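Encoded as structure tokens, the structure appears first; notes follow it.
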Amino acid sequence: MYKKYLINMKNSESYFRMFIASLVLLYAIYSSSFIFAFISMIIFYTASTRFCFTYYLFNINKKYSIDNYYLSLLPKYRTSPVFIFDNKGEITFENSFSKHELPDITSIKTLNVTNYESIIENNIEDTMEFDSNGKNYQIKLKGISEENFILAYFTDVTELVELNKAIEDTQREVIYAMGEIGETRSRETGNHVKRVALYSNKLALLYGLSKEEADKLQMASPMLDIGKVGIPDAILNAPRKLTVDEFEIMKTHASLGYDMLKSSSKPILQAAAIVANEHHEKFDGSGYPNGTIGEDIHIYGRITAVADVFDALGSIRVYKKAWPLENILEFFQRESGKHLDPKLVKLFTDNLDEFLVIRDKFKD
């Protein structure tokens, strides 16, 4: 594998050997010495073929040749950790930054990479995240089948991760604040949107969505009723059952919220637009604004509907008292497959204790 790199010598050393061989040959001719002539031929041979018997015999240049070979593969002036792992996952090379910053990495298995053989065989390039000693790294893996190893370039992204977290925290605060605007206009508490957000996150994870998707839904769901800012107070806070015409106006808050958010390119606000538009759709198609049926309703809408209904029924409103828990659960069973997604209803009721913990933590 490394033979050509082990026996080759630099140009400067080759030229120097030829110069020495010439001097030795001149001395051999001057002194008529067969021994010196033989020595000069050996030196000429090593210089021309760039192969040194002594180096090869005692393995003198093996370590340095391999290291130089590996370093030649790396981007110039790289000042971050680099590892090279063989097809068994063992370290065959690590630069000085690796030894200093990541001494705990003993093999590719430390990185929880299990498909390294496939990465090598198929020349796959991939990226992954890795945390160590309070730092966040992005790792670029590159399989090289010809040499039967994996290159692993580490980049410290700790500052970027912290900045992204700060941005997300700011976005979350702004979204909660905007969500509370809608709730405050209808004389509901800010804790309602917090509970719905946490219920939605928990239910999304139980349903099988990724943590990333569940977290995005948690951040987006407080905007479910943002469209209420466009509903007149007389309708929004009416302490009675709305008339048919008034209810038609109230229903427009779903479309209003969607129209406010739909043009954003931000993933969280795109999710919020879906939630605003679809959280009043019903599983049997009798909901609004579009009368969407079953699983054609976006999962964000179906999850938020369950979370919102549970919290709304259990909370005091200007037009009703809070329902007892047993009444809410009876309603869920009646509306399973009608108003609410039956699979989500089962997940919610089967894990009710976890949702009650959230409810009790954020009581009004």
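If we scan region 193-209, do we find a residue that is under 14 Å from Ala271 (Cα atoms), among the β-branched types (Val, Ile, Thr) and touching a residue at least 40 places away in the same chain (Cβ under 8 Å)? No, that holds for no residue.
Restricting to region 117-140, name every residue that is among the aliphatic types (A, V, I, L, M) and under 11 Å from Ala152 (Cβ atoms). Give the steps one after another, and end with the answer.
Within region 117-140, the subset among the aliphatic types (A, V, I, L, M) is 119-120, 124, 128, 139.
Once the filter is applied, which keeps residues that are among the aliphatic types (A, V, I, L, M) and under 11 Å from Ala152 (Cβ atoms), region 117-140 yields Ile119, Met128, Ile139.
Does any residue of region 55-77 turn out to be at pLDDT 75 or above and closer than 24 Å to Glu146 by Cα?
Kept after step one, since they are at pLDDT 75 or above, are these residues of region 55-77: none.
Within region 55-77, not a single residue is at pLDDT 75 or above and closer than 24 Å to Glu146 by Cα.
Number of residues in region 203-215 that are surrounded by fewer than 21 Cβ atoms within 10 Å (Cβ to Cβ) and part of a helix (DSSP H, G or I) equals 8. For region 94-144, the set of residues classified as in a helix (DSSP H, G or I) and open to solvent by 40 Å² or more (accessible area, probe 1.4 Å) consists of Ser96, Phe97, Lys99, His100, Glu101, Lys109, Thr110, Glu117, Ser118, Glu121, listed by residue number.
Of Leu198, Leu160, which residue is at pLDDT 90 or above and part of a helix (DSSP H, G or I)?
Working: Leu160 fails: at pLDDT 90 or above.
From the options Leu198, Leu160, the qualifying one is Leu198.
Checked against (1) in contact with a helix residue (DSSP H, G or I) (Cβ under 8 Å, 6 or more places away or on another chain); (2) surrounded by fewer than 22 Cβ atoms within 10 Å (Cβ to Cβ), Asp311 passes all but a single condition, namely (2).
Name the residues in region 12-41 that are over 56 Å from the mean Cα position of the chain (by Cα) and either modelled with pLDDT under 85 or open to solvent by less than 60 Å² (accessible area, probe 1.4 Å) (or both), would you? Can you show your working first?
We begin by selecting, within region 12-41, every residue over 56 Å from the mean Cα position of the chain (by Cα); these are 18-41.
The answer is Ile20, Ala21, Ser22, Val24, Leu25, Ala28, Ser31, Ser33, Ala37, Ser40.
The single condition from (1) within 34 Å of the chain's Cα centre (by Cα); (2) at pLDDT 95 or above; (3) crowded, with 17+ Cβ neighbours inside 10 Å that Ala276 fails is (2).
Would you confirm, using the coordinates I've provided, whether Ala254 is in a helix (DSSP H, G or I), hydrophobic (A, V, I, L, M, F, W, C) and under 27 Å from the mean Cα position of the chain (by Cα)? So Ala254 fails the test.
In region 216-245, the residues that are within 25 Å of Tyr199 (Cα to Cα) and open to solvent by less than 70 Å² (accessible area, probe 1.4 Å) reach residues that are part of a loop (DSSP other than H, G, I, E, B) and at pLDDT below 90 with C-beta atoms within less than 8 angstrom, at least six apart or across chains, in these pairs: Asp225/Ser186; Lys228/Ser186; Leu236/Ser186.
The values are calculated or read from the model by the stated rules, or taken from the named source; none is laboratory data. It should be emphasised that the depicted structure is a prediction, and the values quoted were computed from it without experimental measurement. Using ideal geometry, Cβ is built from the backbone for each residue, glycine included, and neighbour counts are taken over all protein chains shown. Ligands, DNA and RNA are stripped out before the accessible areas are found, and what is left, the full protein with its side chains, is counted by its heavy atoms. Shrake-Rupley method; radii C 1.70, N 1.55, O 1.52, S 1.80 Å.
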